[in-house]
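First comes the structure, then the notes that go with it.
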Amino acid sequence: MSTLEIKDLHVSVAAEDGAKEILRGVDLTIRGGETHAIMGPNGSGKSTLAYAIAGHPKYEITGGEVLLDGEDVLAMSVDERARAGLFLAMQYPVEVPGVSMANFLRSAATAVRGEAPKLRTWVKEVKGAMSELDIDPDFADRSVNEGFSGGEKKRHEVLQLSLLKPKIAVLDETDSGLDVDALRVVSQGVNRYRAAGDVGVLLITHYTRILKYITPDVVHVFAGGRIVESGGADLANELEENGYVKYGAGAEAAS
Amino acid sequence: MTDVVSGLAPELAGANRGAGLVPVASAGERFTSFDVDAFEVPGGREENWRFTPMKRLRGLHDGSAALDGTAAVEVAGAGEGVTVETVGRDDARLGEGGTPADRIAAAAWSAFREATVVTLDGTPEPVTITVAGPGEGATAASHLQLRTKPHAEATVVLEHRGSGALADNLEVVLADGSRLTLVVTEEWADDAVHVGAQHFSLGRDATLRVTSVALGGDLVRISPTVSYRGPGGDAELVGLGYADAGQHLEQRLLVDHAVPNCTSNVLYKNALQGKEGVPDAHTVWIGDVLIRAAAENTQTFEFNRNLVLTQHARADSVPNLEIETGEIAGAGHASATGRFDDEQLFYLQSRGIPEDVARRLVVRGFFGEILSRITLPELRERLEAAIEAELAVTGA
Ligand SMILES: Nc1ncnc2c1ncn2[C@@H]1O[C@H](COP(=O)(O)OP(=O)(O)OP(=O)(O)O)[C@@H](O)[C@H]1O
Ligand SMILES: [Mg+2]
């Protein structure tokens, strides 16, 4: 069973007037088989947490630890983290002109699996995964995320999730920008990934609608750069009703 | 060869005043001459020199280069249907392709001792021509003419390699109804300087397919001019350049549509990868397309795309379309410069792809469109490998 441990994590970004602390001591442990939801107002640092785990160079770790099965994640390069079994579905997936989706997926699978997948089974595997997510096969020939609609980008993040099969997946607002049908398709994709292995999911969201499909074991409230409350699935409903006023963030609470 | 100075007056006056002070507004009015002395010595501020690092030209532009070295021209695979001749300056065919339009091309014309003329009369096998630089520290002028017989089809690979500085003219004279596929590579050693003029002249219904690959050299400046002698000509020029730290790669293109019913398609892609402490990796692409009043039903498209992989790199791109007739079938031009940035690198790495593989993936994808036009598998593989090697050398 895999475990991701985040201990007293402090993260800063370089701002115009010096370093600005965004994460102020995050403690969180995600075990294989568990799904955690994080909800919190805009700007509270949810994406910062996700990027810090993935190793984005913009974020400076000023304190704390991140361990995957006891291994020091913070000492790994971005690609090493992915190969170690971490995955981040991004809030804003990046366009990479000139690199076809097919080529990208194969390169990623080769890196993560440690060897190039056999061509025949690979083609079938990709086709199958695409059709499960209602992705038109033509996307394979398009440049990575280039000109994709918001919803198409999110579907492709989940496509990568299903092909790369990480130990721990962080999904940063994968539900945002999806229409009702897409939400269902994408949620089913995430659930298939959860069901296939003993994997952990950290789901960052503003809305309970995705939690109707993907039931979390724990819901965390994130405010001011840390987890301020944790509870069961009902906590999400309460947040949707009352907002984040009681956590001192009423003005910027998510709609 | 002829001594006629075409357009002696009034353009000559303009040329001698220095085109930088009084820029020649239209590409169609540019000054041309076979005589080096008809051109003012460029100082570097003139319109057609302003991007070129003059100090690195090894004196090719100002008469200080002796041009006394030898650039060996070797022709391989010249089987049936190929005639290779070494001719003197007085050979009447020389100059049919076009006239030099800058001082270095004219200097090359004035200095070469012997020219190589390759006549193609339907060759099933590709002909490979290798031009070798004169060696480190030496300078040379050279002249090569390729000509096709009417309705002949041929494939030529023209490779440039070695050291030293070379100024040359390449004439490509296509007879009516003929078709030439030409691959030109610039695979120079690090010290090399190559300033070349390419004169493409298409007869009636002739087809030209050129793929240029510029990888090596310190400074490579190529100026292709395409002209049509009769209607129905079809020219496609695609190219790629990979400029690494300190390298200057320049392409200055003019497609001159003066007769009806001709087509031109131009696509150039450059990737740049610089390094701190050396001059910027620099690419320059000038794409002039001129559609003269008589050139009705012209179809033309030109596109330049640049991929900046690192800091310390600069891509200049100036597409320019001049249209003097309303009766055209289609005309378009575009230019775009993109950056391979930290976000893209992060995204690819976050999927497990190591940095060097990520960079390679991007460059390969970018150049794939150009390399796929090269139908000779061995050549394509060699060039792909050369690009990979460039990536490795620059520490990507
Ligand atoms: N370069 C920077 N300079 C200053 N502040 C920054 C910089 N980068 C990020 N921030 C700030 O860090 C804070 C946390 O941003 P983050 O993207 O983690 O929020 P979030 O919780 O994901 O918000 P959302 O719900 O809108 O996605 C924000 O207030 C943001 O403005
Ligand atoms: Mg966010």
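A few comments on the model shown:
- Remark: pairs (first residue in segment A:198-210, within 9 Å of residue A:176 (Cβ to Cβ) and in a loop (DSSP other than H, G, I, E, B); second residue more than 16 Å from ligand 2 (Cβ to nearest atom) and among the charged types (D, E, K, R); Cβ separation under 8 Å; 6+ apart in sequence or on different chains) = A:207/A:240.
- If the condition is being under 15 Å from residue B:157 (Cα atoms), buried (at least 24 other Cβ atoms within 10 Å of the Cβ) and of a type in the set (S, T, N, Q), then segment B:210-225 contributes only B:211.
- Members of segment B:249-276 that are part of a loop (DSSP other than H, G, I, E, B) and crowded, with 24+ Cβ neighbours inside 10 Å: B:262
- Of the residues contained in segment A:204-213, none is found to be within 16 Å of ligand 2 (Cβ to nearest atom) and within 14 Å of chain B (Cβ to nearest Cβ).
- Output for segment B:354-367, where each listed residue is more than 12 Å from residue A:104 (Cβ to Cβ) and either surrounded by 18 or more Cβ atoms within 10 Å (Cβ to Cβ) or facing another protein chain (nearest Cβ under 8 Å) (or both): B:354, B:355, B:359, B:360, B:363, B:366, B:367
- Positions within segment A:1-47 being more than 14 Å from chain B (Cβ to nearest Cβ), under 24 Å from residue A:79 (Cβ atoms) and not in a strand (DSSP E or B), in sequence order: A:2, A:32, A:46
- Some residue of segment A:132-148 being touching a Ser or Thr at 6+ places or on another chain (Cβ under 6 Å) and in contact (Cβ under 8 Å) with a residue 40 or more places away in the chain: yes
- For segment A:81-103, a residue qualifies if it is within 7 Å of another protein chain (Cβ to nearest Cβ), at negative phi and free of Cβ contacts under 8 Å to residues at least 60 places away in the same chain, and the qualifying residues are A:83, A:94, A:96, A:97, A:99, A:100, A:103.
- The criterion of at least 2 residues that are away from ligand 2 (no atom under 16 Å from the Cβ) and surrounded by 24 or more Cβ atoms within 10 Å (Cβ to Cβ) is met, among strands (runs of 3 or more DSSP E) falling completely within segment A:49-113, by A:86-89, A:96-100.
- On inspection, residue A:181 fails the criterion of being over 19 Å from residue A:26 (Cβ atoms), among the charged types (D, E, K, R) and within 16 Å of ligand 1 (Cβ to nearest atom).
- Only one entry of B:305, B:351, B:314, B:359 meets the criterion of being closer than 30 Å to residue A:94 by Cα and at pLDDT below 90, and that entry is B:359.
- For segment B:226-248, a residue qualifies if it is open to solvent by less than 10 Å² (accessible area, probe 1.4 Å) and either of a type in the set (Val, Ile, Thr) or assigned to a strand (DSSP E or B) (or both), and the qualifying residues are B:226, B:235, B:237, B:238, B:239, B:240, B:241, B:242, B:243, B:248.
- For segment B:152-169, the condition holds for at least one residue, the condition being that it is touching a residue at least 40 places away in the same chain (Cβ under 8 Å) and among the basic types (Lys, Arg).
- Scan of segment A:212-226 for residues that are open to solvent by 40 Å² or more (accessible area, probe 1.4 Å) and in a strand (DSSP E or B), ordered by number: A:226
- Summed over segment A:36-47, the residues that are within 8 Å of ligand 2 (Cβ to nearest atom) and either more than 23 Å from residue A:209 (Cα to Cα) or buried (at least 24 other Cβ atoms within 10 Å of the Cβ) (or both) give a count of 1.
- Within segment B:84-123, the set of residues being open to solvent by 20 Å² or more (accessible area, probe 1.4 Å) and of a type in the set (Asp, Glu) comprises B:85, B:90, B:91, B:96, B:114, B:121.
- Candidates B:81, B:59, filtered to the one that is open to solvent by less than 50 Å² (accessible area, probe 1.4 Å) and more than 26 Å from residue B:187 (Cα to Cα): B:81
- Subset tally (residues that are farther than 30 Å from residue A:50 by Cβ and among the hydrophobic types (A, V, I, L, M, F, W, C)) for segment B:308-348: 10
- The set of residues in segment A:193-213 that are within 14 Å of ligand 1 (Cβ to nearest atom) and within 18 Å of residue A:242 (Cα to Cα) comprises A:205, A:206, A:207.
- The number of residues in segment A:114-146 that are away from every other protein chain (no Cβ under 12 Å) and either open to solvent by 60 Å² or more (accessible area, probe 1.4 Å) or not in a loop (DSSP other than H, G, I, E, B) (or both) comes to 22.
- Total residues in segment A:59-80, condition away from every other protein chain (no Cβ under 14 Å) and under 25 Å from residue A:19 (Cβ atoms): 11
- Comparison of B:324, B:296 shows that the only residue that is more than 14 Å from every other protein chain (Cβ to nearest Cβ), surrounded by fewer than 17 Cβ atoms within 10 Å (Cβ to Cβ), out of contact with any helix residue (DSSP H, G or I) (no Cβ under 7 Å at 6 or more places or on another chain) and not basic (Lys, Arg) is B:324.
The values are calculated or read from the model by the stated rules, or taken from the named source; none is laboratory data. Since the model is a prediction, treat every value here as computed from it, not as a measurement. Every residue, glycine as well, gets a Cβ built from its backbone with ideal geometry; the counts of neighbours run over all protein chains shown. Note: areas computed on protein heavy atoms with side chains; ligands, DNA, RNA excluded. Shrake-Rupley method; radii C 1.70, N 1.55, O 1.52, S 1.80 Å.
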